[in-house]
Ligand SMILES: Nc1ncnc2c1ncn2[C@@H]1O[C@H](COP(=O)(O)OP(=O)(O)OP(=O)(O)O)[C@@H](O)[C@H]1O
Ligand SMILES: [Mg+2]
């Protein structure tokens, strides 16, 4: 008697991809609440052929031909090529994530138009917009070139067939949440659909060596929708972000198998689409005619690129039992720690004040090199004493109040000097060996007390 196929019910975590046979309120793997979704396991994993095929026996790596993987396709847009690590890689699968309306489709269409103008046959698959809507956007971005093929389709079976027939040089899928894979009955956008759809696209484009970008929506808490396995599957994860109140957008490399991570590209959203900003420091700096208390400029590093960023602090007397520590662009725990260090080392009674810290231009800073700038902005605000406007500051602060050296100090100094800063307070350790730009005065400080004196924030 033939064996009856049994449909097995599994529960999959939409956050980490953990599979369990029972439903739990809290994912046993990542600890997230209410993230387990029921799925009927209709397609055994064995139905999928291996994504990559190669010789059956192992070969010596030194004998493997690398020609095809080296031939990157530069987009000739400096900001884009930087985040991609030099250009598109044949067969490379890029996931482009971002909030609704941030400009993902615009960016993608601009890339497609650029490539098709260079004579490449490109295919734009949209599951979200009609052909006339895409055409309207293309017209807004410039004249619609020949060689730009477009289709509105959600079925991956049809997309797969079209790609095999058309053999495009570049493929864009907007968005993965609208696609449905054959044989899967779950709704588009569900964890299973997203994962299977990505696997199918990957199989096609890897075998045909087509560079591909797929768009992925983000969830409320900012993660790319779908399980983490999606990010593991693709070669590169780019994240398009920006502040709605500002016109500039940041394209950030979260993961890259073919280039450095944590690079950023800066763009400005205009009526004619996204325009690259090659000199972004001015965007994140203040524009004061006179120095103001509570504002300090820090040379930060985003990937390999230095950016001058203004950190602003406002310290006001508090009438609350638990004074507020509110931040935008930096971690509030970091501010709490730095306030405690300032309180102990500088003898300022910050427990009586509410502290608000903001990074100008909506940038998010995670590196500890901004510590000194944050503390200086807070002290400057509480003392109502501005830091000289031509002075920049950077350095990590330890719990004992010492300044610790940070990476790439020379690069930071060069950027500060280029933008007209003539002095800089920085950690003493390692500063004697630095190649200092001409006209830049260094204040090498061993600890925050010395650094605050150099900035004129404490009596000498
Ligand atoms: N004429 C215009 N002038 C300036 N900016 C515009 C104009 N038209 C559209 N935009 C900008 O483009 C954005 C929409 O871009 P796009 O549709 O590419 O976003 P998206 O990330 O693909 O959105 P979704 O997630 O809905 O697909 C708008 O939020 C707006 O900022
Ligand atoms: Mg879109």
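Which FRET efficiency, nearest 0.05, do residue 152 and residue 8 yield, Cβ-Cβ r, R0 60 Å?
Details: r = 35 Å, r/R0 = 0.58.
E(calc), rounded to 0.05, equals 0.95.
Along the three principal axes, how long is the stretch 283-454 when you take its alpha carbons, biggest first, rounded to the nearest angstrom?
So the three principal-axis extents are 49, 32, 29 Å.
Just rank 267, 262, fewest to most, by other beta-carbon atoms within 10 angstrom.
Details: 267 25, 262 17.
Listing 267, 262 from fewest to most nearby Cβ atoms yields 262, 267.
Quickly estimate the mean residue ellipticity at 222 nm for the chain, helices only: each DSSP H run with n ≥ 4 gives -39500 (n - 2.57), and the total goes over all residues, rounded to 500.
The per-residue figure over the chain is -7500 deg cm²/dmol.
Please report 414, 82 as a ranked list, fewest other C-beta atoms within 10 angstrom at the top and most at the bottom.
Values: 414 17, 82 22.
Final ranking by Cβ density, sparse to dense: 414, 82.
Give the average over all directions of the projected area of the C-alpha convex hull of the stretch 73-278, one decimal, in nm².
Averaged projected area of the stretch 73-278's Cα convex hull equals 10.5 nm².
Assuming 0.36 nm per residue, please report the length gained on full extension of the stretch residue 396 to residue 336 beyond their Cα-Cα distance.
Length difference between fully extended and current span is 20.1 nm.
Along the principal axes of its C-alpha atoms, what lengths does the stretch 170-301 span, in descending order and rounded to whole Å?
66, 31, 29
Explain nothing, just the number: relative contact order of the stretch 238-311, from Cα pairs under 8 Å at least 6 residues apart, as a whole percent. Working shown, then result.
Working: 113 pairs, mean separation 16.3, N = 74.
Relative contact order comes out at 22 percent.
Between residue 270 and residue 208, what length in nm is gained on full extension when 0.36 nm per residue of separation is reduced by their alpha carbon distance?
Net length gain for the segment: 18.8 nm.
To the nearest 0.05, how large is the calculated FRET efficiency for residue 410 and residue 38 if R₀ is 51 Å and r is the Cβ-Cβ distance?
0.35
7 Å from Cα along Cα→Cβ at both residue 418 and residue 160: what's the point-to-point distance in nm?
About 4.8 nm separates the two model spin labels.
When DSSP beta bridges are limited to those with both residues in the chain, what percentage is antiparallel, rounded to the nearest 5? Walk me through the numbers on the way to the answer.
On the way: 45 of 83 bridges.
Expressed as a percentage, antiparallel bridges in the chain total about 55.
For residue 432 and residue 282, calculate 0.36 nm times their separation in residues minus their Cα-Cα distance, and state this gained length in nm to one decimal.
The residue 432-residue 282 span can extend by a further 51.1 nm.
Give me the Å³ per residue figure for the convex hull around the C-alpha atoms of the chain.
For the chain, the hull spanned by Cα atoms encloses 205 Å³ per residue.
In which sequence would 23, 149 go, from the one with the fewest C-beta neighbours within 10 Å to the one with the most?
Ascending number of Cβ neighbours within 10 Å: 23, 149.
How high is the relative contact order of the chain, in percent, counting Cα pairs under 8 Å that sit 6 or more residues apart?
Details: 948 pairs, mean separation 53.7, N = 460.
Averaging sequence separation for qualifying contacts and normalising by length gives 12 percent for the chain.
How large is the Rg to Rh ratio of the stretch 56-179 when both quantities use alpha carbon positions and Rh follows Kirkwood?
Working: Rg = 16.1 Å, Rh = 16.0 Å.
Rounded to two decimals, Rg over Rh is 1.01.
As an exercise, use a Förster radius of 45 Å and the Cβ-Cβ distance of residue 129 and residue 292 to find the FRET efficiency, rounded to the nearest 0.05.
After rounding, the FRET efficiency stands at 0.50.
I'd like the orientation of helix 104-117 relative to the chain: the angle between its Cα long axis and the longest Cα principal axis, in ° from 0 to 90, rounded to 10.
Approximately 70 degrees, to the nearest 10.
Every number here is computed from the coordinates shown, using simple stated rules; none is lab data. These numbers were taken from a predicted model, which means no experiment stands behind them. Ideal geometry is used to build each Cβ from the backbone, glycine not excepted, and the neighbour counts take in all protein chains shown.
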